[in-house]
1. For the range 56-66, name all the residues that are in contact with a Leu (Cβ under 9 Å, 6 or more places away or on another chain) and either hydrophobic (A, V, I, L, M, F, W, C) or surrounded by fewer than 18 Cβ atoms within 10 Å (Cβ to Cβ) (or both).
2. State yes or no: is residue 370 without any contact (Cβ under 8 Å) to a residue 40 or more places away in the chain and crowded, with 18+ Cβ neighbours inside 10 Å?
3. For the range 82-102, give me each residue that is in contact (Cβ under 8 Å) with a residue 40 or more places away in the chain and over 21 Å from the mean Cα position of the chain (by Cα).
4. If we only count helices (runs of 4 or more DSSP H) wholly inside the range 375-479, which ones have 2 or more residues that are hydrophobic (A, V, I, L, M, F, W, C) and at pLDDT below 90?
5. Which of the numbered conditions does residue 58 fail, given that it passes all the others? Conditions: (1) among the polar types (S, T, N, Q); (2) free of Cβ contacts under 8 Å to residues at least 40 places away in the same chain; (3) in contact with a Phe, Trp or Tyr (Cβ under 9 Å, 6 or more places away or on another chain).
6. Assess whether residue 149 counts as being under 19 Å from residue 256 (Cα atoms), modelled with pLDDT under 90 and polar (S, T, N, Q).
7. Out of 463, 425, 435, I need the residue that is touching a residue at least 24 places away in the same chain (Cβ under 8 Å), closer than 19 Å to residue 151 by Cβ and not aliphatic (A, V, I, L, M). Which one?
8. Here's a check for you: in the range 83-119, which residue that is small (Gly, Ala, Ser) and over 23 Å from residue 423 (Cβ atoms) is modelled with the lowest pLDDT?
Amino acid sequence: MEKEVILTQALFGMGNANHDHYHRHNVMNPNSMMMDTLKMEQFQGGIKGTTLQAVAEQSGGLSAQPGGMVNIEDGFNIRRGIGMLRFQVTRNSLSSVELVVLGYLTGGSGASMEGIPPETLFVPVRAWSSETKNVQDNHGFPLASTSITSSQQFLLGDPFGQKKLKAIRPMDVANEALGFMACEEDGIGAQYDGTLGTNLAKTVVSSKTQNLNPTHHAKELLKLATNTGITAQKIGMENAFSESMGGVGIQEASLTDNEFFQAMMFNLGTSNMMNGFQGWSVQEIASVFTNLPQVLNLDLLNPTTFTQVNNLMDSMDYGRITNHEIIACELAFLTVHLLIQVGLTHLVFSATNNPHDFHGLQGSDDGVEIINGEFGSVLSNDDYAINRVEQFKQLLKAHFFAKYSTGYVHSSHIMNVMVTCSVFGETSVEIFFNGDQNNGQRFVNATYCINRTSTNITASDNGLAEAKNLMTNIRDHFA
């Protein structure tokens with residue numbers, strides 16, 4: 001049965017003015033003791049999953065040095081139109097898929113409650129799919145089961161063409177490292193300047209939102225490194241590395257796997273449109289999904305009903321090398337991934353790993369306390385939304401606090417955080433260390449343009465450096 005893609009809702013609202021954002025990309029910096037642990041287990045018959053996870057937690061992070069200001073159409077210091085398109089995708093009679101695409105508006109004479117000018121561009125930012133299957137419960141009664149099946153960002157380069165940016169997904173780092181190896185084998189390693197597939201000036205790239213998690217990013221690269229080491233002495237490092245890249249964990253979906261991109265590209269007859277792609281006009285979307293006027297909701301574009309939050313006055317500006325900013329950025333990117341992973345649209349919470357805040361370790365099973373406030377599910381009438389919140393808490397402990405609550409002096413931090421995270425708008429992180437509320441700082445991340453600010457985007461030189469770092473780690477520790 002051919003897929004049928006129906007636009008069911010087009011909801012538009014307004015983001016707030018924000019400080020300029022700065023690029024920070026995922027890095028992997030394992031110390032020699034961690035690498036020795038992996039190497040020892042490798043010699044003893046195989047690396048345990050728990051060991052790989054622990055090393056990834058300590059190795060993965062964000063670059064301490066900000067990588068230059070993020071360019072975005074019209075700048076960050078404006079109230080920007082943001083939109084959510086919801087589609088029903090019918091595949092067969094036993095299941096149905098709902099696709100949600102988030103994006104922002106640029107160009108035109110301005111969106112308002114009166115309408116959106118047809119020449120206005122809708123820039124796709126991220127998307128997720130949820131699948132509903134008809135199953136039976138323990139008593140044989142029909143039951144609808146819904147789960148999130150995929151989630152991705154659409155990485156874009158500099159809209160002004162001023163910066164040389166590239167994608168730095170685990171797959172991209174691996175491809176660049178393989179390129180280095182091949183060129184060194186041919187004696188031209190110094191001339192290698194990267195692969196075209198990661199050049200964001202030439203293309204738009206789909207990236208799993210899981211790549212926003214520094215632990216996941218590091219874990220995929222560590223898997224490659226250790227798997228390569230097992231067979232490198234038999235068939236050579238380049239061949240071993242190439243074989244290791246065949247693992248499913250590192251692979252990425254094609255843009256054409258996304259039904260919205262697929263429908264737009266097919267109907268507009270522009271198979272090469274991804275070269276220099278910067279979005280589709282509202283008129284183009286309406287020509288493909290002709291019921292757009294019927295499902296369009298502009299109520300949230302009323303500035304008198306939804307007054308501006310002054311993030312420029314109430315939050316810190318970006319661009320410094322401080323623990324406050326680096327960790328706040330990491331938490332902002334991680335939480336907007338975890339929201340979709342568990343099926344939430346937004347969540348307010350406070351958290352601490354300071355034992356003084358919960359009467360010592362006796363007040364907590366794991367040394368972390370998380371208190372949630374308001375939240376929302378991606379599903380309407382979700383009776384199990386609170387279960388999603390509890391799952392979010394456990395993932396946050398495993399992927400964030402496990403890293404900062406360890407015995408490793410270099411990464412251990414006693415902290416309190418207050419977070420308002422949202423997949424459709426902005427994410428606010430307030431953070432203070434060592435129980436001192438006077439050193440608290442608040443940062444606001446424009447979630448609505450994560451395709452520009454993602455930790456999976458960096459300058460070309462940085463991307464090549466990370467690939468060389470991976471190659472060096474393999475040679476020094478595993479080959």
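1. Residue satisfying the conditions is 56 alone.
2. Values: without any contact (Cβ under 8 Å) to a residue 40 or more places away in the chain: yes; crowded, with 18+ Cβ neighbours inside 10 Å: yes.
The answer is yes for residue 370.
3. Passing the criteria: 87, 88, 89, 90, 91, 92, 94, 97.
4. Working: elements: 385-396, 450-453, 460-473.
In the range 375-479, the matching helices (runs of 4 or more DSSP H) lie at 460-473.
5. For residue 58, the exception is condition (2).
6. Numbers: under 19 Å from residue 256 (Cα atoms): yes; modelled with pLDDT under 90: yes; polar (S, T, N, Q): yes.
Taking the combined requirement at face value, the residue satisfies it.
7. Numbers: 463 fails: closer than 19 Å to residue 151 by Cβ; 435 fails: closer than 19 Å to residue 151 by Cβ.
Step by step, each of 463, 425, 435 is checked, and only 425 is touching a residue at least 24 places away in the same chain (Cβ under 8 Å), closer than 19 Å to residue 151 by Cβ and not aliphatic (A, V, I, L, M).
8. 93
The values are calculated or read from the model by the stated rules, or taken from the named source; none is laboratory data. The shown structure was predicted, so the numbers you read here are calculated from the model rather than taken from an experiment. All Cβ positions, glycine included, derive from the backbone under ideal geometry; neighbour counts span all protein chains shown.
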